[in-house]
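One structure is given below, encoded as structure tokens.
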Amino acid sequence: MRDSKPELVLDAAARAARYLAESDRPTFPSAEAIAALANFSAEVPEGPTDPAAVLDQLDRLGSPATVRSTHGRYFGFVNGGTEPAAAAAAVLASTWDQNVALPVMSPVAAHLDALSARWIVDLLGLPAAAEAAFCAGASVANLTAILAGRDALLARRGWDVGADGLAGAPPIDVVTSAEVHVSVFKALRAAGIGRSAVRTVATDDRGRLLADELPAIGDRTLLILQAGNVNTGHSDPFAEVIPAARAAGAWVHVDGAFGLWAAASPSRRVTVAGVELADSWATDAHKWLNAPYDAGVVICADGADLRRSMAVDAAYLETTAERAPMHLGLQMSQRARGVETWAVIAGRGRSGIAEMIDHTCDQAERMAAALAAGGAHILAPVVLNQVLVRFGSPDADPAGDAETDRVVAAVQADGTCWAGATTWQGRRAMRVSFSDTSITEADVDASAAAILRCANR
């Protein structure tokens, strides 16, 4: 068969362009589109199929069944959209198919990985010497940082996890917020730290850890804080908590999957004041930065702590490179995530990244104002890109819970926009997340009208 790879790539690019241009597609796929997925064969094909036919089937059956999280009216799960430069870079980078594990495997991937990682540290206002590395998402970034923190705390007590493992090691205790994200508990479990070692601290009505209720913290404590509560957008009081914790010898990690990016906006960084004082951070490029999935980022104030836990050694992997991504994270082979992130930052620049953050926060405030004017209850002041809404009674009661769930279901069925439900401090609520930078005021107004229309039926 004649090599038709260039023609296939051109065909795929044309189909992708048509997909982007089809602005009338619903936010969530129709029942018919989902049912049509059954037309994908359930059995392994017995022989080859023309690659062009494979691509056609993928587009014909797959495209209608996608969730349109990149067209301005998707408000679910803090899912970011995709910057145009990043979407285009992803097409080219996937065709390159580079492995960024070692610089010798791809000089361009290694260069852009290091450059975009350094840019992220700069944009977030973190210590200039901090080391950042890409990974599959903030869940993996949390795990990576927790492993680095665990090993650093034990190393300070003379215990080498790499040599001696965890059996018999001095115990590590964890202090965190009662509102900490569930991915943190998954990461702790993977790091060999069970729930019985975790002490949780109460939060206020916005989801912020109460600094005056912190328990005793010492030199075997891993303190995990949060930048951007997943329901309210509010952050823990870093400036009040971190200095004393570090003075006591604790390791301070900040889970900032989306909220950490507030630091890139001069007008919003006050919401995360003091976050730069921590030992490690986790964030995503595929949320608020609007890079394609998946792209998480782990950052350690001291790169040596990251390498202690992540570096490996084998004769065939010898390298003199100062920075090899495989020595900074859990993966060895890994795609070149830094390419798309580089494209976002190169295209937007410092002021453009700040504008991304400010724009989505402004639209969140616009949505909250419109819903409140229509009789909905906003459960927490909007400080970033999260709007928490309740219908019926604002108090914790079954009728308000039922009414809120009814409105959420009606909004999802309506199709104008998509938002999900959550439970916030004992009350059911709708969570409206603004992470796609393509959203416009017209999108907000149409979506707010649809939500209120569903509420008033």
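Structure notes:
- For the range 273-293, a residue qualifies if it is surrounded by fewer than 24 Cβ atoms within 10 Å (Cβ to Cβ) and in contact with a strand residue (DSSP E or B) (Cβ under 8 Å, 6 or more places away or on another chain), and exactly one does: Leu277.
- Some residue of the range 318-338 being modelled with pLDDT of 95 or more, assigned to a helix (DSSP H, G or I), polar (S, T, N, Q) and over 17 Å from Leu124 (Cα atoms): no
- Among the residues of the range 384-436, those identified as within 18 Å of the chain's Cα centre (by Cα), within 16 Å of His234 (Cβ to Cβ) and part of a loop (DSSP other than H, G, I, E, B) are Leu384, Asn385, Phe434.
- For beta carbons closer than 7 Å, sequence separation of 6+ or different chains, a first residue in the range 63-82 that is touching a residue at least 40 places away in the same chain (Cβ under 8 Å) and a second that is in a helix (DSSP H, G or I) and of a type in the set (Ser, Thr, Tyr), the qualifying pairs are Ser63/Tyr19; Arg73/Ser447.
- Of the criteria (1) under 20 Å from the mean Cα position of the chain (by Cα); (2) outside any loop (DSSP other than H, G, I, E, B), which one Ala449 fails: (1)
- Scanning the range 246-263 for residues that are surrounded by fewer than 24 Cβ atoms within 10 Å (Cβ to Cβ) and in a helix (DSSP H, G or I) turns up Arg246, Ala247.
- Members of the range 398-457 that are surrounded by 15 or more Cβ atoms within 10 Å (Cβ to Cβ), at pLDDT 95 or above and acidic (Asp, Glu): Asp401, Glu403, Asp405, Asp436, Asp443
- Failed item, numbered, when Trp281 is tested on (1) among the aromatic types (Phe, Trp, Tyr); (2) under 30 Å from Arg453 (Cβ atoms); (3) outside any loop (DSSP other than H, G, I, E, B): (2)
Conditions (1) among the small types (Gly, Ala, Ser); (2) more than 23 Å from Ala90 (Cβ to Cβ); (3) in a helix (DSSP H, G or I), marked per residue:
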residue: Pro6; (1), (2), (3): no, no, yes
residue: Ala12; (1), (2), (3): yes, no, yes
residue: Ala16; (1), (2), (3): yes, no, yes
residue: Tyr19; (1), (2), (3): no, no, yes
residue: Arg25; (1), (2), (3): no, no, no
residue: Pro29; (1), (2), (3): no, no, no
residue: Ala33; (1), (2), (3): yes, yes, yes
residue: Leu37; (1), (2), (3): no, yes, yes
residue: Val44; (1), (2), (3): no, yes, no
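- Residue that is farthest from Val411 (Cα to Cα) [pool: residues in the range 23-58 that are exposed (fewer than 12 other Cβ atoms within 10 Å of the Cβ) and of a type in the set (D, E, K, R)]: Glu46
- Residue satisfying condition, being part of a helix (DSSP H, G or I) and more than 20 Å from the chain's Cα centre (by Cα), within set Ala354, Ala370: Ala370
- Residue in the range 146-156 that is surrounded by fewer than 22 Cβ atoms within 10 Å (Cβ to Cβ) and out of contact with any Asp or Glu (no Cβ under 8 Å at 6 or more places or on another chain) present: yes
Residues checked against (1) among the charged types (D, E, K, R); (2) on the phi < 0 side of the Ramachandran plot:
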residue	(1), (2)
Gly62	no, yes
Thr66	no, yes
Thr70	no, yes
Val78	no, no
Ala87	no, yes
Gln98	no, yes
Leu115	no, yes
Asp122	yes, yes
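- Any hit, the range 109-122, residues being aromatic (Phe, Trp, Tyr), surrounded by 16 or more Cβ atoms within 10 Å (Cβ to Cβ), modelled with pLDDT of 95 or more and in contact with a Leu (Cβ under 9 Å, 6 or more places away or on another chain): no
- Looking at Leu112, Leu143, Leu166, Leu126, just one residue is within 25 Å of Arg335 (Cβ to Cβ) and assigned to a loop (DSSP other than H, G, I, E, B), and that residue is Leu126.
- Against the conditions (1) without any contact (Cβ under 8 Å) to a residue 24 or more places away in the chain; (2) within 28 Å of Ala12 (Cα to Cα); (3) not polar (S, T, N, Q), Ala167 satisfies every one except (2).
- The one condition in (1) of a type outside the set (Asp, Glu); (2) under 20 Å from the mean Cα position of the chain (by Cα); (3) under 23 Å from Gln386 (Cα atoms) that Ala202 fails to fulfil: (2)
The values are calculated or read from the model by the stated rules, or taken from the named source; none is laboratory data. Worth saying up front: this structure is predicted, and the values here are computed from it rather than measured. Neighbour counts are summed over all protein chains in view; Cβ atoms, including those assigned to glycine, are modelled from backbone coordinates with ideal geometry.
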